[in-house]
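I'd like to ask you about the structure that follows.
The values are calculated or read from the model by the stated rules, or taken from the named source; none is laboratory data. Predicted, not measured: the structure shown is a model, and the values here were computed from it. Every residue, glycine among them, receives a Cβ derived from its backbone with ideal geometry; neighbour counts consider all protein chains shown.
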Amino acid sequence: MSHALVVGKGAAGTFSSWLLAKRGWEVTLVGRGTPSTALSTGCLRSVPNLCRAAISEFLNNESMPWASGEREGISRIGTSYRCWMSPAHSTWKQGETPKSIAVVGLDGHPSLLPRVASALLNGRKIRAAPFTLAGQVPSEVPLASSFRKDEAWEDLAEELQKMSVETILIPSLVTLQDYHRLDQLEGRCGRDVLEAITPLGSPGQRLADLMLSKAGEAGVTIWDGRKVTALDVKDDVVVGATVVGGMDARHLSVDAVILATGGPLVDGLVLKEREVSDPFGKFRVVRSAAPLTGGYDSLEGMLVNTEGRAMVNVAGAGDCLSSGSREYGSGLTEALESAYRAVRALEGT
Amino acid sequence: MNEGRCVKCGSCMRVCPVLNDPLGERFPGPRTTGVDAPRFLERESIGRNALMCTMCHACEWACPSGITLTRSMLKLRSEMIGERLPGHRKMVENVSSFGRTVSTEFSGWVENGERTLYFPGCIGLGRSTGLTLSVSSLLTSLEIKHDISSQALCCGSPLVKIGALDLADDLRRRNLEVFSRYDRVITSCPGCTYQLREVYGIEAEHVIEVLKGTDLGSRLEGRWALQVPCHLKRGLSPWTAEDLASILEGAGVSVVRMPEEDGCCGGGGGMLSGFPGTSSSIARNKVDMYRRAGVEGVITACPFCSLNLGREGMKVLDIGEVIAPKH
């Protein structure tokens, strides 16, 4: 069996690992740090054109059902958010705007701002009223930690039952394992429960957790918390990699590599002032004056070495690739599509 | 240090076991203590709640920018001024008077001039002496003749955690004299192993590394969960942490894998002595979670994890207590 190394555990890395494993490859996925997928809203804003069925299968799971189509939701400050695919409790079908919304936040916690959000919704002719629940969670502390136990959800349900509205907007509170609690809450309080769209919170983390667990289920060996520090290249072919974790290191022989190391943060492309460069010192990088568009050069899906020749067995996926233009909010869909292209490019070899 | 790379994403705060505990809200959090405070001139007066961290490295693993938060926090701790917490004061007194953080209960010293030293660490000699005897007989059954030296003192790791660097350095000098008589040092505490490798430059082996590749069996019955020690997985080696599970499974133990198994027990970083209430609250929540999973008990490879979870009524065994060679 051919052995592929995938570097990066965000959307591009996990999806390409999953695709390769499904196609019979032995896959080792190496990644370290929270990927930007986990910092996202956990929704796909733009519609994929390339591999919609594969993406749907990849994201399909029992813990967190999805809704897709023309969807609309509300951000934690009350602005409108439109997307193509979201967790079921995050959005409604466009055109079916809730008649009345109670915006429920926790006293002093920034996870959802009831007064600001209600004012903005009223301004958009959506009837909304703010509710602030008593709470003593410091603003630095993630709210999810206060909603691990059944009692906290019982108390919340009791409070929500009192509200005479159709829909209740709550801050994001649940992990992937706990997503079913939103259904239970809906059952208990008899209202539609809507989760505010929130970046840098649990929805993005849920998506990243889901993607990693799907890769694991497909048989991918996951080396979490580890970093690829060197690649061995012979005649435009990568034959091995050095992986470091803690005070330990391993050498891995590989037949193919997908780099999905993300944007220019520390473990991916090296950012010096306004220049990006390849941390492995092997591949050509396109530098760009525009923000977020520089990255690895590629030829028909394969990375290009420093002499300008296409690599034989190294493809790139996601944010580490250079991109002509990047539309606001399209990153996740683009990452998934480029993972699909990377796998196709490798399969062609 | 590399704090300037922070993108303010909050990943460190979402994974922090102290911030996520109901009794941990006084902790300013990893971003304040590991990223922001170290850059301020007034850092030395940050206050004692900054010590409310178990040094579990979860924030460091979560950081997308590769910031070495734990290293920054340790530096901050060494610069802090003001009175020590009562528990930390006691630790310093103990080390100053007899060289270990807790009183020594162990009496089974072996000083035969063997070439291998088994270094159980302060908790192994003072609190979990049964664990130490089990590991020692396991090593003997693997035909590894070893000493347990009464002259080997605290490795210094707990002192580094409370910022007492001079004392830690003194211990290192005294221990190195003892270690110079041996070719091989084996430990059962990931914190000691880390300290000996990182600070002493000695290739100390954790008992899991010794056991790997050996034909082992176990008589343990029922389903057991794991408590994967922080300093093993995120300090020494994530591969060695995976070996904990594979060695047990290979020996025939029925291991239940749980996503939360590598979460901190609350016992590290000077929390157990400095903030016993928060430390036991973190442990209690872990114990509740294990109970919900309906397991017989928990297997770990760290005396601190054994001690802290055990205090909350959990049945906790060390890997050294549950397996034996097959022959």
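Of the residues that make up the stretch B:84-106, is at least one farther than 27 Å from B:V185 by Cβ, crowded, with 17+ Cβ neighbours inside 10 Å, without any contact (Cβ under 8 Å) to a residue 60 or more places away in the chain and away from every other protein chain (no Cβ under 14 Å)?
The answer is no, given that none of the residues of the stretch B:84-106 is farther than 27 Å from B:V185 by Cβ, crowded, with 17+ Cβ neighbours inside 10 Å, without any contact (Cβ under 8 Å) to a residue 60 or more places away in the chain and away from every other protein chain (no Cβ under 14 Å).
Let me ask you something else. Looking at B:E177, is it touching a helix residue (DSSP H, G or I) at 6+ places or on another chain (Cβ under 9 Å), surrounded by fewer than 24 Cβ atoms within 10 Å (Cβ to Cβ) and either among the charged types (D, E, K, R) or closer than 18 Å to B:Y118 by Cα (or both)? Walk me through how you get there before you give the answer.
Numbers: touching a helix residue (DSSP H, G or I) at 6+ places or on another chain (Cβ under 9 Å): no; surrounded by fewer than 24 Cβ atoms within 10 Å (Cβ to Cβ): yes; either among the charged types (D, E, K, R) or closer than 18 Å to B:Y118 by Cα (or both): yes.
Against the criterion (touching a helix residue (DSSP H, G or I) at 6+ places or on another chain (Cβ under 9 Å), surrounded by fewer than 24 Cβ atoms within 10 Å (Cβ to Cβ) and either among the charged types (D, E, K, R) or closer than 18 Å to B:Y118 by Cα (or both)), B:E177 does not qualify.
Looking for something part of a loop (DSSP other than H, G, I, E, B), more than 21 Å from B:G24 (Cα to Cα) and either of a type in the set (D, E, K, R) or touching a Ser or Thr at 6+ places or on another chain (Cβ under 8 Å) (or both) - is there at least one such residue anywhere in the stretch B:272-291? Write out each step before concluding.
Restricting attention to the stretch B:272-291, the residues satisfying the condition of being part of a loop (DSSP other than H, G, I, E, B) are B:275.
Now drop any that are not more than 21 Å from B:G24 (Cα to Cα), which leaves none.
No, the stretch B:272-291 contains no residue that is part of a loop (DSSP other than H, G, I, E, B), more than 21 Å from B:G24 (Cα to Cα) and either of a type in the set (D, E, K, R) or touching a Ser or Thr at 6+ places or on another chain (Cβ under 8 Å) (or both).
Moving on. Criterion first (modelled with pLDDT under 95 and surrounded by fewer than 23 Cβ atoms within 10 Å (Cβ to Cβ)) does B:G213 satisfy it?
Yes: the conditions hold for B:G213.
Counting only residues that are assigned to a loop (DSSP other than H, G, I, E, B) and either touching a Gly at 6+ places or on another chain (Cβ under 9 Å) or at positive phi (or both), which one in the stretch B:198-223 is farthest from the other protein chains (Cβ to nearest Cβ)? It would help to see each step written out before you state the result.
First pass over the stretch B:198-223, keeping only residues assigned to a loop (DSSP other than H, G, I, E, B): B:201-204, B:212-215, B:218-222.
Applying the additional criterion that residues be either touching a Gly at 6+ places or on another chain (Cβ under 9 Å) or at positive phi (or both) yields B:201, B:213, B:215, B:218-220, B:222.
Numbers: B:G201: 12, B:G213: 15, B:D215: 23, B:S218: 25, B:R219: 31, B:L220: 26, B:G222: 24 Å.
Checked the stretch B:198-223; the qualifying residue farthest from the other protein chains (Cβ to nearest Cβ) is B:R219.
Answer with yes or no whether A:A128 is over 30 Å from A:D278 (Cβ atoms), of a type outside the set (S, T, N, Q) and modelled with pLDDT under 95. Spell out how you get there, then give the answer.
Numbers: over 30 Å from A:D278 (Cβ atoms): yes; of a type outside the set (S, T, N, Q): yes; modelled with pLDDT under 95: no.
So A:A128 fails the test.
So which residues in the stretch A:216-253 are among the charged types (D, E, K, R), within 26 Å of B:S65 (Cβ to Cβ) and touching a residue at least 60 places away in the same chain (Cβ under 8 Å)? First the steps, then the outcome.
Our first condition is that a residue be among the charged types (D, E, K, R); within the stretch A:216-253, this holds for A:217, A:224, A:226-227, A:232, A:234-236, A:248, A:250.
Going one step further and asking which of them are within 26 Å of B:S65 (Cβ to Cβ), we end up with A:224, A:226-227, A:248, A:250.
Selection gives A:D224, A:R226, A:K227.
Pull up the stretch A:199-230, narrow it to residues that are in contact with a Lys or Arg (Cβ under 7 Å, 6 or more places away or on another chain) and assigned to a loop (DSSP other than H, G, I, E, B), then point me to the one that is surrounded by the fewest Cβ atoms within 10 Å (Cβ to Cβ).
Taking the candidates together, the pick is A:A218.
What is the one condition in (1) outside any helix (DSSP H, G or I); (2) in contact with a helix residue (DSSP H, G or I) (Cβ under 9 Å, 6 or more places away or on another chain); (3) surrounded by 13 or more Cβ atoms within 10 Å (Cβ to Cβ) that B:R77 does not satisfy?
Evaluating B:R77 over (1) outside any helix (DSSP H, G or I); (2) in contact with a helix residue (DSSP H, G or I) (Cβ under 9 Å, 6 or more places away or on another chain); (3) surrounded by 13 or more Cβ atoms within 10 Å (Cβ to Cβ) leaves (1) as the failure.
Counting only residues that are farther than 30 Å from A:G24 by Cα, in a strand (DSSP E or B) and of a type outside the set (V, I, T), how many does the stretch A:255-313 have?
Here the count works out to 4.
If we keep just the residues of the stretch B:88-143 that are of a type in the set (S, T, Y) and not in a helix (DSSP H, G or I), which is nearest to B:S78 (Cα to Cα)? Step through it out loud before you land on a result.
Here is the first cut: in the stretch B:88-143, the ones of a type in the set (S, T, Y) are B:96-97, B:101, B:103-104, B:107, B:116, B:118, B:128-129, B:132, B:134, B:136-137, B:140-141.
Then drop every residue that is not not in a helix (DSSP H, G or I), which leaves B:101, B:103-104, B:107, B:116, B:118, B:128.
On the way: B:T101: 18, B:S103: 25, B:T104: 27, B:S107: 34, B:T116: 34, B:Y118: 30, B:S128: 29 Å.
Checked the stretch B:88-143; the qualifying residue nearest to B:S78 (Cα to Cα) is B:T101.
Now, a different point. Take the residues in the stretch B:10-60 that are of a type in the set (D, E, K, R) and at the interface with chain A (Cβ under 10 Å from one of its Cβ atoms), then tell me which one is farthest from A:A38 (Cα to Cα).
Here is the first cut: in the stretch B:10-60, the residues of a type in the set (D, E, K, R) are B:14, B:21, B:25-26, B:31, B:36, B:39, B:42-44, B:48, B:60.
Subsequent filtering for residues that are at the interface with chain A (Cβ under 10 Å from one of its Cβ atoms) retains B:14, B:21, B:25-26, B:31, B:60.
Working: B:R14: 11, B:D21: 22, B:E25: 24, B:R26: 27, B:R31: 18, B:E60: 16 Å.
Filtering first and then ranking leaves B:R26.
Okay, moving on. Could you check, for the stretch A:323-331, whether at least one of its residues is buried (at least 20 other Cβ atoms within 10 Å of the Cβ), assigned by TED's automatic domain parsing to the domain that holds A:T14, under 21 Å from A:D232 (Cβ atoms) and in contact (Cβ under 8 Å) with a residue 24 or more places away in the chain?
no
Could you grab me the full set of residues in the stretch A:180-208 that are touching a Pro at 6+ places or on another chain (Cβ under 8 Å) and within 14 Å of chain B (Cβ to nearest Cβ)? Steps first, answer last, please.
Kept after step one, since they are touching a Pro at 6+ places or on another chain (Cβ under 8 Å), are these residues of the stretch A:180-208: A:192, A:194-198, A:201-203, A:206, A:208.
Residues satisfying the conditions are A:T198, A:G201, A:S202, A:P203, A:R206, A:A208.
For B:S141, state whether it is over 17 Å from B:H88 (Cβ atoms) and buried (at least 23 other Cβ atoms within 10 Å of the Cβ).
Numbers: over 17 Å from B:H88 (Cβ atoms): yes; buried (at least 23 other Cβ atoms within 10 Å of the Cβ): no.
No.
It is to be established whether one or more residues within the stretch B:221-235 are without any contact (Cβ under 8 Å) to a residue 12 or more places away in the chain and under 20 Å from B:E60 (Cβ atoms). Break it down stepwise before answering.
Let us first name the residues in the stretch B:221-235 that are without any contact (Cβ under 8 Å) to a residue 12 or more places away in the chain, namely none.
No, there is no match, as no residue in the stretch B:221-235 is without any contact (Cβ under 8 Å) to a residue 12 or more places away in the chain and under 20 Å from B:E60 (Cβ atoms).
Further, regarding this structure: Looking only at residues that are farther than 24 Å from A:E347 by Cα and among the small types (G, A, S) in the stretch A:231-257, which one is surrounded by the most Cβ atoms within 10 Å (Cβ to Cβ)?
Going through the qualifying residues, I end up with A:G245.
Continuing with this model, one more query. Kindly evaluate B:V7 against the criterion of being within 21 Å of the chain's Cα centre (by Cα) and either facing another protein chain (nearest Cβ under 9 Å) or at positive phi (or both). Walk me through it before giving the result.
Numbers: within 21 Å of the chain's Cα centre (by Cα): no; either facing another protein chain (nearest Cβ under 9 Å) or at positive phi (or both): yes.
When the stated conditions are applied, B:V7 does not pass them.
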